Amino acid sequence: MNRNVERLYNGIIKENPTFVLMLGMCPTLAVTSSAINGLGMGLSTTVVLVMSNLLISAFRKVIPNGVRMPAYIVIVASLVTVVQFIMQAYTPSLSESLGVYIPLIVVNCIILGRAESYASKNPVIPSAFDGLGMGLGFTIGLVCIGFIRQILGATLGITIFIMAPGAFLVLAFLVAGMNCVREAMEKKGKPLAAPSGCLTGDCKGCDHLSMCTGKLPEETADTGKEEGR
């Protein structure tokens, strides 16, 4: 599989932020009262993901390790500000509906996670596709939840689905559906590969292994053995 296509597949299916990694739950549950809100939030996050991955990858060799997280936050915050101004200018009603959750994209763990685990270690083009894949996966998750809640809550009048508990219920059923798909693929001999990388505790090949405080015990032991050889 082409590397760039693999990054898209990774974000949409293999490590879908919403249904597999369970990241970004705050906006996922808060803004998905309708499909259009989910689409707006998802696409906004996608733009920030692609651009932040691209910039962080481009400057990865000049950003000192000691200040890499503050540098990432400055880059992401600048991009979010631009996106927020554009939305306020061209889609004011959507911007008002999403409210504070647009500025909170700055601290979305999906964006900072991809910056740290992938963009800071890989070339520009694959990093951009990684951001695009993760963003599309996040968008698909939000739109699915928003669409189901809108149909059940607004159209059919089942009030609970407009409220916060409805978001949890819909998310639970969709995650269960994703798990059923994974099991079915495994039974057919075509399993979806298990998630990997910094966000899942896989420390192999990480450039920051020696400085990381969240290493798995076995990885720490292996590193110590290698250093003592």
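The values are calculated or read from the model by the stated rules, or taken from the named source; none is laboratory data. Predicted model only: the values in this text are computed from it and were never measured. Every residue, glycine as well, gets a Cβ built from its backbone with ideal geometry; the counts of neighbours run over all protein chains shown.
Taking the conditions (1) within 27 Å of ALA154 (Cβ to Cβ); (2) out of contact with any helix residue (DSSP H, G or I) (no Cβ under 8 Å at 6 or more places or on another chain); (3) of a type in the set (Val, Ile, Thr) in turn, ILE105 satisfies each one other than (2). Checked across the range 60-69, the condition of being assigned by TED's automatic domain parsing to the domain that holds GLY133 and either within 16 Å of the chain's Cα centre (by Cα) or aromatic (Phe, Trp, Tyr) (or both) holds for no residue. Looking across PRO123, PRO165, one residue alone is assigned by TED's automatic domain parsing to the domain that holds GLY11 and either touching a residue at least 12 places away in the same chain (Cβ under 8 Å) or among the polar types (S, T, N, Q) (or both). It is PRO123. Exactly one residue among GLU116, GLU96 is in the same structural domain as GLY157 (by TED's automatic domain parsing), surrounded by fewer than 18 Cβ atoms within 10 Å (Cβ to Cβ), among the charged types (D, E, K, R) and farther than 30 Å from MET185 by Cα, and that residue is GLU96. A single entry from VAL5, VAL50 fulfils the requirement of being within 15 Å of GLY133 (Cα to Cα) and at pLDDT 95 or above: VAL50.
Go over the candidates ALA128, ALA154 one by one and state the one that is touching a residue at least 60 places away in the same chain (Cβ under 8 Å) and touching a Phe, Trp or Tyr at 6+ places or on another chain (Cβ under 9 Å). The unique qualifying residue is ALA154. Criterion applied to ILE105, ILE63, ILE151 was being more than 21 Å from ILE13 (Cα to Cα), not charged (D, E, K, R) and not in a helix (DSSP H, G or I), and the one residue passing it is ILE63.
Among the candidates THR81, THR18, THR46, the residue that is closer than 30 Å to PHE173 by Cα, part of a helix (DSSP H, G or I) and among the polar types (S, T, N, Q) is uniquely THR46.
Per-residue answers, yes or no, for (1) crowded, with 22+ Cβ neighbours inside 10 Å; (2) outside the structural domain of GLY141 (by TED's automatic domain parsing); (3) within 20 Å of ASN122 (Cβ to Cβ):
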residue	(1), (2), (3)
LEU8	no, no, yes
LYS14	no, no, yes
THR18	yes, no, no
LEU29	no, no, no
SER34	no, no, no
LEU39	no, no, no
GLY42	yes, no, no
ASN53	yes, no, yes
ILE56	yes, no, yes
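For the range 23-33, check the following and say yes or no: at least one residue is touching a helix residue (DSSP H, G or I) at 6+ places or on another chain (Cβ under 7 Å), in a loop (DSSP other than H, G, I, E, B) and under 23 Å from PHE129 (Cα atoms). The answer is yes, given that some residue of the range 23-33 is touching a helix residue (DSSP H, G or I) at 6+ places or on another chain (Cβ under 7 Å), in a loop (DSSP other than H, G, I, E, B) and under 23 Å from PHE129 (Cα atoms). Among the numbered conditions (1) of a type outside the set (Phe, Trp, Tyr); (2) more than 14 Å from GLY131 (Cα to Cα); (3) assigned to a helix (DSSP H, G or I); (4) under 16 Å from the mean Cα position of the chain (by Cα), the only one that GLN88 does not meet is (4).
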